[in-house]
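Worksheet for the structure shown next.
Bear in mind that the values in this text are calculations on the coordinates, not laboratory data. Note that this is a predicted model, so its numbers are computed, not measured. Note that we place each Cβ from the backbone using ideal geometry, even for glycine, and neighbour counts take in every protein chain shown.
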Amino acid sequence: MNLWTKSTSLSESSFKKEDIDTWSGSRSLYQGVNAEKIKGFFSRSNRSIYKLTLKSEWITDSRGNASNSQIKGAFGLTKITWTKNSDSEKTNEGKIEEVKIDENNRVWLIVVKGKTLTYLIPSVRVSGWWSDERRCKYNLDKDSLGMSVLVNGVTDIKDWVNKNDRNKEWDSNQNERLKDLMANGFSILRGRDAVTWDGEKEPGKMISVFKNAGNLIYKKRGQEAYKSCLEVEKYFPLDLVVIGDQSKMSDNYERRWPLPIQRISVTDTIQDVMGVRLDQVIIDNEGISDGRGKKIKWDEKFKPTITLEIKK
């Protein structure tokens, strides 16, 4: 199964369709699975996924003129939830809603610049001082917050923020910390939610769906960096979007208690990292910025062209 299915929800913007992939898939494909087929996975309980999507709000200058070169609030987060009908074994069509992002509902976009690729990772995080260090550790023991995400995902953004994300702002020093930790790439671990056999196109082939969030693991000098969240903030990706060629990405499965784990690995030389609250992202023809002076430029081979459309 192609984990990074072409994303029409993103390609409807000025991004080239063939250059954008996301682990969530397009409007008709969720985590690479057809919308009709995916309902069969969710007959036992409620499930959800998050998808990074594009929207736009034109920036105006001091004269009130709309700029055709920058888009503020370019990205949004959509949540699709399937619930089991109480009177049958069938699952409903799926409820689609936009997740409100503000200072009380914080989702952070981590922008990672590789040699030729740009990775967009919308994430929730753990931040602030924690007296209970154990729940923040990276070693994924059964009592850790990381294991809880692998087993349960992230059900509600606001509830997560209230319990885990104490800092309302992005510390610019975190950009350099993450760049150092991701020097040789990164991995995302996510728990498998359900599996079935695809008897239509390829008999004997398994189809899997996954939890709606994962664990971000860093690679430094060829070793994975396991640090407590007291030393560096911990992030839990809700989606992964790749702009460019996928050749530096791979995936495999690991057997961990209490469920199989998928590891999505990126082996790349990381040149820059930037974090910004999702609703504050600014994109233009040159790159993507946080509105506070930090910008990551697009690769010349894979870059968007922003155009102004007047809708009647």
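Summarising the label geometry, the points placed 7 Å from Cα in the beta-carbon direction at residue 104 and residue 285 lie 4.1 nm from one another.
Per-residue Karplus couplings for the stretch 158-169, computed as 6.51 cos²θ - 1.76 cosθ + 1.60 with θ equal to phi - 60°, are listed in order as 4, 5, 4, 4, 4, 8, 10, 10, 7, 8, 7, 10 Hz, Gly and Pro entered as x.
Pairs 55/294; 115/158; 95/295: which are spaced more than 32 Å apart, C-alpha to C-alpha? Pairs exceeding the cut-off: 115/158; 95/295. Estimated from the Cβ-Cβ distance and a Förster radius of 22 angstrom, the FRET efficiency linking residue 192 and residue 158 is about 0.25.
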